[in-house]
Structures are given as structure tokens and as C-alpha cells.
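No lab work stands behind these numbers, since they all come straight from the coordinates. Quick caveat, the model's predicted, so the values are computed rather than measured. Cβ coordinates were reconstructed from backbone atoms using ideal geometry, including for glycine residues, and neighbour counts include every protein chain displayed.
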Amino acid sequence: MISDVGNVFFRYRNSLLPVACVLLLLPGADPFPDPMGAAFVGGAVAVLGQLIRAATIGLRYVVRGGRNRRVYAEDLVTDGIYAHLRNPMYVGNLMIASGLAIASNSWTVIVVALPLGFFIYASIVAAEEQYLAARFGARFEAYCRAVPRWLPRLTGLGRTLSSMQFHWRRLLLKEYGTPFGWMSVLVLMTLYNIWMSDQWMARTGDVHTLKTVFVTTFLLWLLAWSIKRTRYLVAD
């Protein structure tokens with residue numbers, strides 16, 4: 001069953017990112033004539049995914065780290081972004097992964113990575129839903145009937161965003177590493193594409209811009225990490 005596969009992926013999900021980064025280097029025909037164009041389009045998709053993650057964490061954080069590397073949940077959360085989408089964090093992750101695949105500027109990566117990424121998350125979702133159905137029964141079934149799995153229900157979204165307190169400290173504490181991670185990969189990959197296209201000397205302005213983005217992102221990550229280490233921030 002797909003849920004059995006999902007349990008395996010869930011157990012090793014933290015090890016999947018290095019594998020995904022290797023996939024980004026697969027050669028293939030260029031969807032965009034300019035590596036920077038691919039970076040802009042892919043970056044825009046990834047930013048949208050990051051915004052979904054940020055809104056989800058800022059409004060209602062759900063601990064889904066599992067227990068003993070197995071699916072586990074203490075409660076059924078149905079408010080915040082979860083009132084409009086059952087798996088907003090996974091949708092955000094898929095959009096970030098899709099953005100990086102586009103930014104790779106390789107049709108091979110897009111054709112291979114996107115279906116593979118969706119299969120992995122669909123399997124994990126199947127495993128989680130099997131667990132939640134067994135644990136929460138009719139409550140979870142009613143929730144599934146009311147809220148879509150992958151495409152958000154936009155009705156009432158504005159009311160949700162305006163009526164709930166946004167916990168920016170929790171967002172910074174929980175999410176500071178994610179933007180640095182994917183933005184670093186995007187920048188390094190774009191620099192690699194420029195190098196491989198023999199345009200390094202002709203694109204010194206773009207190279208400088210990309211290096212500036214990388215350094216700025218790293219400094220912001222370092223600042224957030226330092227603040228977390230001093231325990232100034234407390235998740236609320």
C-alpha cells in the first residue's frame with residue numbers, strides 16, 4: 001500500500017534533501033535561454049511555497065516530527081491555514097522543490113524531480129491520513145470532507161488571516177533555516193549554470209548579484225541563529 005511506502009519515506013524524510021540536490025545537477029535541454037531567467041521564475045515559485053509555510057507556522061504550528069521516526073500527532077488541528085488546506089506545509093515544500101527544479105534550467109530535472117517529489121509527499125500524506133483516521137475517527141473524516149488535501153479552499157481565507165494572531169517569533173524560531181537552505185541551493189545552482197554555459201566573465205554583474213544574495217541570506221541566517229542561541233526568542 002502507498003501508506004506503507006509513506007511510512008518509509010516519513011522515517012527517512014530528513015535524508016531526502018541531499019538526494020534532491022544531486023538530482024538538480026542532472027543534465028538536460030534548457031527550458032530557458034538564460035540561467036537567470038530560470039532562477040527568477042523558479043525563485044518566484046519557491047517564494048510562494050515559502051509564504052505558505054510561513055503563514056502556516058505563524059498562525060498555527062503543528063508538531064509533526066513523529067515519535068521514534070513514526071507518524072504521530074497529539075491533536076487534530078483544523079484552524080489557521082489548516083482550515084483551508086489539509087497539508088499546507090507539504091504543499092509549501094512541493095512548491096519550493098518545484099521552484100528549484102525550474103531554476104535548475106534542465107528539462108530532465110523537471111521531468112524526473114517533480115513527479116518523484118509529488119509521489120514521495122503523496123505517500124507520506126497517505127501514511128499520515130491512515131494514522132489520523134485511526135486516532136481521531138469521525139472527527140478526521142468530517143475534516144477531510146470539508147477541507148481539500150492539495151488545492152486550498154480560498155473561501156474565508158481573508159477572515160482567517162485577519163482574525164488570528166500571527167506569531168512572528170515562533171516563525172523566526174522554527175523557520176529561519178528553510179529560506180537560507182533553498183535560496184543557497186538556488187544561487188549556487190545558478191552560478192553553476194552560468195559557469196557551465198561559459199558566460200562567467202560576460203555576466204559579472206549577475207554573478208555579483210548572486211553572490212550578494214548568498215552573503216546577505218547567510219548573514220540573516222547567522223543573525224537568526226545567534227538570537228535563537230541566546231534564547232531571546234521563545235516560541236509562542
Report the Stokes-Einstein translational diffusion coefficient (µm² s⁻¹, integer) for the chain, Rh taken as the Kirkwood radius over Cα pairs, at 10 °C with viscosity 1.306 mPa s.
82
Measure off 7 Å from each Cα along the Cα-to-Cβ vector at GLU141 and LEU154, then give the distance between these two points in nanometres to one decimal.
3.2
Taking Cα atoms, the helix 88-103 axis meets the longest principal axis of the chain at an angle in degrees (rounded to 10) of 10
Can you pull the one-decimal nm distance between simple spin-label points at LEU219 and SER15, each 7 Å off the Cα toward Cβ?
3.8
Need the C-alpha centroid separation for the range 73-136 versus the range 152-195, integer Å.
15
Under 12 Å from a label point 7 Å along Cα→Cβ of GLN199: give me every residue in the range 86-109 with its amide N that close.
105
Magnitude of the charge dipole, the range 2-165, Cβ model with Lys/Arg +1 and Asp/Glu -1, debye to 20:
520
